[in-house]
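Right, one structure below, let's go through it.
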Amino acid sequence: LVLLFMLCTNLSAQTTVRNFSLPDANNQYIELKDIRGEKLTVIDFWTTWCKPCLTAIPEMIKLHEKYDSLGVAFIGVNGDGPRSVSKAMPLANSLGIKYPIVFDTSGDLASELSVGAYPTLIIINSSNKVLFVHEGFTKSDAVIIDEAIADALTK
(Lines give C-alpha, C1' and ligand atoms only; values in the text may rest on other atoms or scores of the structure.)
Protein backbone atom coordinates (compact mmCIF):
# COMPACT_ATOMS: atom_id res chain seq x y z
CA LEU A 1 0.00 0.00 0.00
CA VAL A 2 2.80 2.41 0.88
CA LEU A 3 4.58 1.57 -2.38
CA LEU A 4 1.40 2.19 -4.35
CA PHE A 5 0.92 5.53 -2.55
CA MET A 6 4.50 6.55 -3.33
CA LEU A 7 4.10 5.53 -6.96
CA CYS A 8 0.86 7.53 -7.30
CA THR A 9 2.41 10.51 -5.56
CA ASN A 10 5.48 10.40 -7.81
CA LEU A 11 3.42 10.08 -10.96
CA SER A 12 1.02 12.82 -9.92
CA ALA A 13 3.87 15.18 -8.99
CA GLN A 14 4.88 15.24 -12.66
CA THR A 15 1.46 16.38 -13.87
CA THR A 16 -0.21 19.76 -14.08
CA VAL A 17 -3.88 20.52 -14.48
CA ARG A 18 -4.71 22.81 -17.36
CA ASN A 19 -6.95 25.81 -16.87
CA PHE A 20 -10.17 23.93 -17.62
CA SER A 21 -13.54 25.56 -18.16
CA LEU A 22 -16.71 23.71 -17.15
CA PRO A 23 -20.34 24.76 -16.69
CA ASP A 24 -21.87 25.37 -13.28
CA ALA A 25 -25.51 24.75 -12.31
CA ASN A 26 -26.55 27.90 -14.20
CA ASN A 27 -24.73 26.71 -17.33
CA GLN A 28 -22.19 29.51 -16.90
CA TYR A 29 -18.69 28.36 -17.79
CA ILE A 30 -16.25 28.68 -14.91
CA GLU A 31 -12.49 28.56 -15.38
CA LEU A 32 -10.16 26.94 -12.90
CA LYS A 33 -8.08 30.13 -12.69
CA ASP A 34 -11.12 32.00 -11.37
CA ILE A 35 -11.95 29.59 -8.54
CA ARG A 36 -8.63 28.06 -7.55
CA GLY A 37 -7.12 28.68 -4.15
CA GLU A 38 -4.34 31.11 -3.39
CA LYS A 39 -2.15 28.25 -2.11
CA LEU A 40 -3.91 24.97 -2.90
CA THR A 41 -6.95 23.70 -4.72
CA VAL A 42 -8.71 20.46 -3.85
CA ILE A 43 -10.62 19.06 -6.82
CA ASP A 44 -13.19 16.46 -5.78
CA PHE A 45 -14.60 14.30 -8.58
CA TRP A 46 -17.95 12.81 -7.51
CA THR A 47 -21.29 11.53 -8.80
CA THR A 48 -24.76 11.22 -7.33
CA TRP A 49 -24.83 7.43 -7.74
CA CYS A 50 -21.52 6.83 -5.95
CA LYS A 51 -22.00 5.66 -2.36
CA PRO A 52 -18.40 6.40 -1.28
CA CYS A 53 -18.87 9.92 -2.70
CA LEU A 54 -21.84 10.42 -0.39
CA THR A 55 -19.63 9.39 2.53
CA ALA A 56 -16.79 11.65 1.37
CA ILE A 57 -18.73 14.85 0.73
CA PRO A 58 -19.55 15.66 4.40
CA GLU A 59 -15.84 15.15 5.18
CA MET A 60 -14.86 17.43 2.28
CA ILE A 61 -17.24 20.06 3.64
CA LYS A 62 -15.48 19.88 7.03
CA LEU A 63 -12.07 20.16 5.39
CA HIS A 64 -13.28 23.07 3.27
CA GLU A 65 -14.40 24.87 6.43
CA LYS A 66 -11.08 24.10 8.13
CA TYR A 67 -8.80 25.26 5.31
CA ASP A 68 -10.80 27.92 3.44
CA SER A 69 -9.24 30.81 5.35
CA LEU A 70 -5.75 29.39 4.72
CA GLY A 71 -5.86 29.83 0.94
CA VAL A 72 -7.23 26.39 0.08
CA ALA A 73 -10.15 26.26 -2.34
CA PHE A 74 -12.37 23.24 -2.92
CA ILE A 75 -14.05 22.51 -6.24
CA GLY A 76 -16.59 19.77 -6.75
CA VAL A 77 -16.54 18.25 -10.22
CA ASN A 78 -19.70 16.27 -10.80
CA GLY A 79 -19.23 13.45 -13.27
CA ASP A 80 -22.85 12.41 -13.71
CA GLY A 81 -23.95 11.77 -17.26
CA PRO A 82 -26.71 13.72 -19.01
CA ARG A 83 -29.45 11.41 -17.66
CA SER A 84 -28.60 11.83 -13.96
CA VAL A 85 -26.96 15.26 -13.79
CA SER A 86 -30.27 16.89 -12.79
CA LYS A 87 -29.95 15.17 -9.40
CA ALA A 88 -26.56 16.73 -8.61
CA MET A 89 -27.53 20.19 -7.35
CA PRO A 90 -30.47 19.03 -5.22
CA LEU A 91 -28.10 16.51 -3.62
CA ALA A 92 -25.33 19.10 -3.22
CA ASN A 93 -27.76 21.53 -1.61
CA SER A 94 -29.14 18.89 0.75
CA LEU A 95 -25.61 17.98 1.84
CA GLY A 96 -24.69 21.63 2.38
CA ILE A 97 -21.89 22.01 -0.16
CA LYS A 98 -20.79 25.67 -0.17
CA TYR A 99 -17.84 25.41 -2.55
CA PRO A 100 -18.21 25.71 -6.35
CA ILE A 101 -19.54 22.75 -8.31
CA VAL A 102 -18.93 22.33 -12.01
CA PHE A 103 -20.13 19.61 -14.37
CA ASP A 104 -18.03 17.24 -16.46
CA THR A 105 -20.93 15.40 -18.12
CA SER A 106 -18.77 14.36 -21.07
CA GLY A 107 -16.12 12.92 -18.76
CA ASP A 108 -13.41 14.69 -20.76
CA LEU A 109 -11.70 16.30 -17.76
CA ALA A 110 -11.91 13.11 -15.72
CA SER A 111 -10.35 11.21 -18.61
CA GLU A 112 -7.64 13.82 -19.11
CA LEU A 113 -6.70 13.60 -15.42
CA SER A 114 -6.86 9.78 -15.40
CA VAL A 115 -9.75 9.65 -12.96
CA GLY A 116 -10.48 5.94 -12.86
CA ALA A 117 -12.95 5.81 -9.99
CA TYR A 118 -15.32 7.98 -8.03
CA PRO A 119 -14.60 9.69 -5.79
CA THR A 120 -11.17 10.89 -6.82
CA LEU A 121 -9.59 13.82 -5.08
CA ILE A 122 -6.71 15.81 -6.58
CA ILE A 123 -4.74 18.47 -4.71
CA ILE A 124 -2.92 21.04 -6.84
CA ASN A 125 -0.72 23.96 -5.88
CA SER A 126 -0.97 27.57 -7.09
CA SER A 127 0.90 26.59 -10.28
CA ASN A 128 -1.65 23.82 -10.98
CA LYS A 129 0.95 21.14 -10.27
CA VAL A 130 -0.61 17.94 -8.94
CA LEU A 131 0.67 17.25 -5.42
CA PHE A 132 -1.64 14.45 -4.28
CA VAL A 133 -4.24 12.07 -5.73
CA HIS A 134 -6.62 9.92 -3.72
CA GLU A 135 -9.09 7.41 -5.20
CA GLY A 136 -12.08 6.00 -3.34
CA PHE A 137 -13.15 6.88 0.18
CA THR A 138 -13.74 5.36 3.57
CA LYS A 139 -14.18 7.35 6.79
CA SER A 140 -10.51 6.84 7.74
CA ASP A 141 -9.44 8.47 4.46
CA ALA A 142 -10.50 11.86 5.81
CA VAL A 143 -7.43 11.84 8.06
CA ILE A 144 -5.15 10.97 5.13
CA ILE A 145 -6.58 13.80 3.04
CA ASP A 146 -6.39 16.25 5.95
CA GLU A 147 -2.72 15.35 6.46
CA ALA A 148 -2.01 15.70 2.73
CA ILE A 149 -3.50 19.22 2.71
CA ALA A 150 -1.62 20.22 5.86
CA ASP A 151 1.62 18.81 4.44
CA ALA A 152 1.17 20.57 1.09
CA LEU A 153 0.60 23.88 2.87
CA THR A 154 4.04 23.62 4.48
CA LYS A 155 5.84 23.23 1.13
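The values are calculated or read from the model by the stated rules, or taken from the named source; none is laboratory data. Keep in mind the model is a prediction, meaning the values are calculated, not measured. With ideal geometry, Cβ positions are generated from the backbone for all residues, glycine too; neighbour counts draw on all protein chains shown. For accessibility, only protein heavy atoms count, side chains too; no ligands or nucleic acids. Shrake-Rupley method; radii C 1.70, N 1.55, O 1.52, S 1.80 Å.
Within region 83-140, the residues that satisfy the criterion of being open to solvent by 40 Å² or more (accessible area, probe 1.4 Å) and acidic (Asp, Glu) are Asp108, Glu112, Glu135. Among the residues of region 113-155, the ones that are in contact with a Leu (Cβ under 8 Å, 6 or more places away or on another chain), closer than 18 Å to Asp68 by Cβ, outside any strand (DSSP E or B) and not hydroxyl-bearing (Ser, Thr, Tyr) come to 7 in all.
For every residue, the table says whether it meets (1) out of contact with any strand residue (DSSP E or B) (no Cβ under 8 Å at 6 or more places or on another chain); (2) of a type in the set (Lys, Arg).
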| residue | (1), (2) |
| --- | --- |
| Met60 | no, no |
| Ala73 | no, no |
| Ala88 | no, no |
| Ser106 | yes, no |
| Leu121 | no, no |
| Ile124 | no, no |
| Asn128 | no, no |
| Lys139 | yes, yes |
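As a summary of the residue check, Asp44 satisfies the conditions (1) among the acidic types (Asp, Glu); (2) more than 22 Å from Asp141 (Cβ to Cβ); (3) open to solvent by less than 10 Å² (accessible area, probe 1.4 Å) except for the one numbered (2).
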